[in-house]
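Asks: Next up is a structure, given as structure tokens.
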């Protein structure tokens with residue numbers, strides 16, 4: 001499940017992921033929201049908070065994420081991940097070679113630091 005956080009404002013999108021992200025989450029929430037922000041602001045900052053119940057992505061959601069990332073690789077200023085498992089951190093590091101923006105991982109205990117960083 002994907003929830004847009006109320007701290008999202010302007011070109012900053014903050015979302016919280018719990019349980020498993022699905023194709024429906026991407027199709028109905030994440031991609032339309034990001035497309036709208038990119039069309040409005042050009043480059044965006046995205047913070048993804050993976051809560052303690054997060055178990056990963058459905059195959060369809062992984063494909064959606066990859067397609068969107070390739071299409072918009074130059075449209076991000078910053079991408080932050082909070083509470084990611086080690087395998088997600090490795091994936092994020094690999095993605096950083098293909099996306100122009102700055103990418104950082106934060107521990108779950110660094111939520112406030114991550115929110116401040118993404119707003120800068």
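The values are calculated or read from the model by the stated rules, or taken from the named source; none is laboratory data. This one's a predicted model, so the numbers in the text were calculated from it and none came from an experiment. Using ideal geometry, Cβ is built from the backbone for each residue, glycine included, and neighbour counts are taken over all protein chains shown.
Asks: What tally of residues in segment 104-120 results from selecting those that are surrounded by fewer than 17 Cβ atoms within 10 Å (Cβ to Cβ) and either without any contact (Cβ under 8 Å) to a residue 40 or more places away in the chain or outside any helix (DSSP H, G or I) (or both)?
Replies: 8
Asks: Could you list, in sequence order, all residues of segment 1-41 that are in a strand (DSSP E or B) and out of contact with any strand residue (DSSP E or B) (no Cβ under 9 Å at 6 or more places or on another chain)?
Replies: Passing the criteria: only 9.
Asks: Residue 100 versus (1) surrounded by 17 or more Cβ atoms within 10 Å (Cβ to Cβ); (2) closer than 24 Å to residue 116 by Cβ; (3) at pLDDT below 90: which is the lone unmet condition?
Replies: Of (1) surrounded by 17 or more Cβ atoms within 10 Å (Cβ to Cβ); (2) closer than 24 Å to residue 116 by Cβ; (3) at pLDDT below 90, only one is false for residue 100: (1).
Asks: Looking at segment 79-97 only, could you name the residues that are at pLDDT 65 or above and in a loop (DSSP other than H, G, I, E, B)?
Replies: 83, 84, 85
Asks: Enumerate the pairs (first residue in segment 36-48 and on the phi > 0 side of the Ramachandran plot and modelled with pLDDT of 95 or more; second residue anywhere and surrounded by fewer than 20 Cβ atoms within 10 Å (Cβ to Cβ) and not in a helix (DSSP H, G or I)) with beta-carbon separation below 8 Å, excluding pairs fewer than 6 apart on the same chain, so at least 6 apart or on different chains.
Replies: 42/11
Asks: For segment 5-39, give me each residue that is farther than 23 Å from residue 52 by Cβ and exposed (fewer than 13 other Cβ atoms within 10 Å of the Cβ).
Replies: Of everything in segment 5-39, those that are farther than 23 Å from residue 52 by Cβ and exposed (fewer than 13 other Cβ atoms within 10 Å of the Cβ) turn out to be 9, 10, 28, 32, 36, 39.
Asks: Which one is modelled with the highest pLDDT among residues in segment 49-70 that are loosely packed, with under 13 Cβ neighbours inside 10 Å and part of a loop (DSSP other than H, G, I, E, B)?
Replies: Top of the filtered list is 53.
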